[in-house]
Amino acid sequence: MIIWNEREHTFHLCNDKISYVIAIAHERYLTHCYWGKRIATWQQGYDYPALDRSSFSPTPAQWPDRTFSLDTAPQEYPGHGAGDYREPAFEIRYTDGHQVSNLYYLSHRIIDGKPPLAGLPATWVEQETDAQTLIITLADPLTQLQVELRYSVFDGHAVIARSARLINQAAQPLRLLRALSCCVDLPDARWQQIQFPGAWARERQWHRQALNPGIQLLDSKRGASSTHQQPFIGLVRPETTEMQGEACALHLVYSGNFTARSEVDAFSQTRLLLGINPHGFGWQLAPGESFQTPEAILAWSDEGLNGLSGTLHALYRDNLVRGQHRHQPRPILANNWESTYFDFNEDKLLTFAANAKALGVELLMLDDGWFGERNDDTSSLGDWFVNRAKFPHGLRPLIDNVHAMGMQFGLWFEPEMISRRSELFRQHPDWTISAGGQPLSEGRNQYILDLGRREVRDNILAQMSAFLENHPVDYIKWDMNRNMSEVGSNAAGPAHQQETAHRYMLGLYALLETLTHRFPHILFECCSGGGGRFDPGMLYYMAQAWVSDNTDAASRVHIQYSTSLLYPPVMQCAHVSEVPNHQMGRSTSMAMRGAVAMSGNYGLMLDLMRSDAGRDAAVKQQIAFYKQHRQLLQFGRFWRLVSPWENPDFAAWMFVAPDQSEALVMAFSLVSLATAPLKLLRLAGLDPHARYQIDDSEKIAGGDELLYRGMWVDPPISRDYTSRIWHLTRLA
Ligand code: DGJ
């Protein structure tokens, strides 16, 4: 999968779908040649057009002519200060105060498989034959900085995984001001960018616009990947649609501050940069020390946005998520949050559990409020022991009862936080993230624990382990409800303060690594006030994530549509909730709430303390349907058909079994129109040579008819917030 051409000095990384080509230009500079559809044999060496002699682009020192400049050459890991005026991938300050680096090719090696990244989440492979990794070492002879660039190419996925390790080989310390994961210099700028701006309960709003000259910067400085942006750069050609055209994505396997920059230069080239946000970042490297960047995933498709999603979904399902739940059907849960909020006790929860069980629910999920003295959001984070006022006999009787009913038991934790009103704060007021005595801002009445400190995460680990050893919990919803402010560490010296946010992430990852290995049977759900940390970094530890605190089905059609560009439905927790909806005040049909929840990882957030015969009968039916089709919905191929971001009134998507033997098509009416246009849905992913039966009806259609001509939405869905599901079965 990796071919080194000794004569032309090129590396050709390829599989049956893609090629990625790097050339060593003039025996020195690591330059980018190509990323895209597979090329059988890469013949050429560095072939970049010679520079206009009158240009203002400097040539390197002692260069024989004026035809080459770092200012225009496409590079793999550009530095700063030696003639390239575009954004650099890394920046260093040396002890003598200067900031210029010149990195030259030193050596390379090619290994089978894909080694892990120390302390960081990353994609992985089961067998050494599933991937190959190229490690290129670059060095600056003057400053003794070395950089190891890693490129892994997977067998079968149209993906390259990249990262960098910066090593200080000098006798003096150096300071990293920026250390990004990758740079990709594309030869043209005829791209549009897709991004997902958002906010709490309004995550991942789909936005597509042309790249402009200059820098387009998306980032997070919030200490988390956040609801405000997704750590990715998505590019499509202007003509690309869901079904066809070129599309690519750079996606960061990281959950903290990030930067995602696209820079269109004077020559209409596009530089893409992705990595840890340099804002507020600094890292001191003592002699001999190294810094490992997070991994960036580079995915490419010429089969439209659905092609890109298919690639990422398969990669994340098979090569990112770990543990025993990876390919296991996920349980149907009922969460008590919107039913009781903080107001519950054992009796109430037993009623809730019995009602859930009667509907077919498989797991009772007890949300916030079961610990310390927590009755609202002003106290007790950090005190991971049972709230005796609510559970005088502890939690064990409730858990045992739920298990006796034949259901699993799930519990909410927010382990990264501390409330001022808590035992933990009384004992360790200095354990919060804090900046040199500046007054601490509160977010939801809470502060953030400095998880970069070993004693802090050891305390949380010990509390949680002790609790979990004595309570047979099957599922944990791991929440995180505020972003960082006053960032600094009480335990670090002045030279290390700017390491706090990244050390926090490393500490969080270490904590998760230990917990998930210590309790491998527990299924973890990642939550951050909804989808505030829905990123590949967290999904390495937790197999699924809460998409949004917005449980309104109409809002969710939009949010889940966007989320599915990058993540498969099985990773997206989605619940049926009450109407009028608690966040939006909107009423949607039960059918639509069910279809939307089934398009993720189905659960209930209904008020099950209240009995409602009509509602319960409908939910029971839905759950039976979901169980029947769970395998297809959770592990089938997901295809987006009609975008709610382009059509105010309508959206559609579908699921196809891996062997194309069956499919579920779902359509949603958002705002009904009088005398509405007819709707012919062109389906996707079916076998064009097969015949499919539609529902249990007499209706039979060829796969090719459904793919090329389409299926009528007939009769039309003619009410606001309603939906329809069709089940297609391949005939023998
Ligand atoms: C935010 C989460 O997103 C909600 O689902 C709920 O768990 C609350 N936190 C509890 O405080």
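The values are calculated or read from the model by the stated rules, or taken from the named source; none is laboratory data. A quick note: this is a predicted structure, and the numbers were derived from the prediction, not measured. Cβ sites come from the backbone with ideal geometry, for glycine too, and all protein chains shown count toward neighbours. Heavy atoms of the whole protein, side chains included, go into the accessibility calculation; ligands, DNA and RNA do not. Shrake-Rupley method; radii C 1.70, N 1.55, O 1.52, S 1.80 Å.
Key figures for this structure:
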| read-out | value |
| --- | --- |
| Hits in the stretch 125-162 - residues which are more than 16 Å from residue 100 (Cα to Cα) and in contact with a Gly (Cβ under 9 Å, 6 or more places away or on another chain) | 125, 127, 128, 129, 130, 131, 132, 133, 152, 158 |
| Any hit, the stretch 201-208, residues being at pLDDT 95 or above, open to solvent by less than 20 Å² (accessible area, probe 1.4 Å), over 16 Å from the mean Cα position of the chain (by Cα) and at positive phi | yes |
| Number of positions in the stretch 227-260 that are more than 12 Å from the chain's Cα centre (by Cα) and without any contact (Cβ under 8 Å) to a residue 40 or more places away in the chain | 3 |
| Residues being open to solvent by 40 Å² or more (accessible area, probe 1.4 Å) and within 27 Å of the chain's Cα centre (by Cα) - total across the stretch 75-114 | 1 |
| Filter result (closer than 13 Å to residue 619 by Cβ and small (Gly, Ala, Ser)) within the stretch 338-363 | 356, 358, 360 |
| Wholly within the stretch 540-653, strands (runs of 3 or more DSSP E) carrying at least 3 residues that are in contact with a strand residue (DSSP E or B) (Cβ under 8 Å, 6 or more places away or on another chain) and either within 16 Å of the ligand (Cβ to nearest atom) or over 24 Å from residue 314 (Cβ atoms) (or both) | 544-546, 572-577, 601-605 |
| Residue that is farthest from the ligand (Cβ to nearest atom) [pool: residues in the stretch 492-539 that are buried (at least 24 other Cβ atoms within 10 Å of the Cβ) and in a loop (DSSP other than H, G, I, E, B)] | 535 |
| Among the candidates 426, 420, 444, residue that is open to solvent by 50 Å² or more (accessible area, probe 1.4 Å) and within 16 Å of the ligand (Cβ to nearest atom) | 444 |
| The stretch 34-59, residues that are in contact (Cβ under 8 Å) with a residue 40 or more places away in the chain and either surrounded by fewer than 12 Cβ atoms within 10 Å (Cβ to Cβ) or of a type outside the set (D, E, K, R) (or both) | 35, 36, 45 |
| For residue 476: the one exception among (1) within 21 Å of the chain's Cα centre (by Cα); (2) away from the ligand (no atom under 16 Å from the Cβ) | (2) |
| The stretch 394-408, residues that are among the hydrophobic types (A, V, I, L, M, F, W, C) and either open to solvent by 60 Å² or more (accessible area, probe 1.4 Å) or within 16 Å of the ligand (Cβ to nearest atom) (or both) | 404 |
| Residue list for the stretch 351-367, restricted to those being more than 16 Å from the ligand (Cβ to nearest atom), of a type in the set (A, V, I, L, M, F, W, C) and open to solvent by less than 40 Å² (accessible area, probe 1.4 Å) | 353, 356, 359, 361 |
| Of residues in the stretch 318-351 being more than 18 Å from residue 386 (Cβ to Cβ) and of a type in the set (Phe, Trp, Tyr), the one farthest from the chain's Cα centre (by Cα) | 341 |
| Some residue of the stretch 157-173 being over 26 Å from residue 91 (Cα atoms) and either among the hydrophobic types (A, V, I, L, M, F, W, C) or not in a loop (DSSP other than H, G, I, E, B) (or both) | yes |
| The one condition in (1) in contact (Cβ under 8 Å) with a residue 12 or more places away in the chain; (2) more than 30 Å from residue 509 (Cβ to Cβ); (3) among the hydrophobic types (A, V, I, L, M, F, W, C) that residue 404 fails to fulfil | (1) |
| Positions within the stretch 368-393 being β-branched (Val, Ile, Thr) and more than 16 Å from the ligand (Cβ to nearest atom), in sequence order | 386 |
| Flag for residue 326 being at pLDDT 95 or above, basic (Lys, Arg), farther than 23 Å from residue 135 by Cβ and open to solvent by less than 40 Å² (accessible area, probe 1.4 Å) | yes |
| Strands (runs of 3 or more DSSP E) (entirely within the stretch 17-107) containing at least 3 residues that are under 23 Å from residue 188 (Cα atoms) | 18-25, 29-37 |
| Single condition residue 609 does not satisfy, out of (1) open to solvent by 50 Å² or more (accessible area, probe 1.4 Å); (2) in contact with a Ser or Thr (Cβ under 7 Å, 6 or more places away or on another chain); (3) without any contact (Cβ under 8 Å) to a residue 60 or more places away in the chain; (4) not acidic (Asp, Glu) | (3) |
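Yes/no per residue for (1) closer than 24 Å to residue 470 by Cβ; (2) touching a helix residue (DSSP H, G or I) at 6+ places or on another chain (Cβ under 7 Å):
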position: 482; (1), (2): no, no
position: 486; (1), (2): no, no
position: 490; (1), (2): no, yes
position: 493; (1), (2): no, no
position: 501; (1), (2): no, no
position: 509; (1), (2): no, no
position: 518; (1), (2): yes, yes
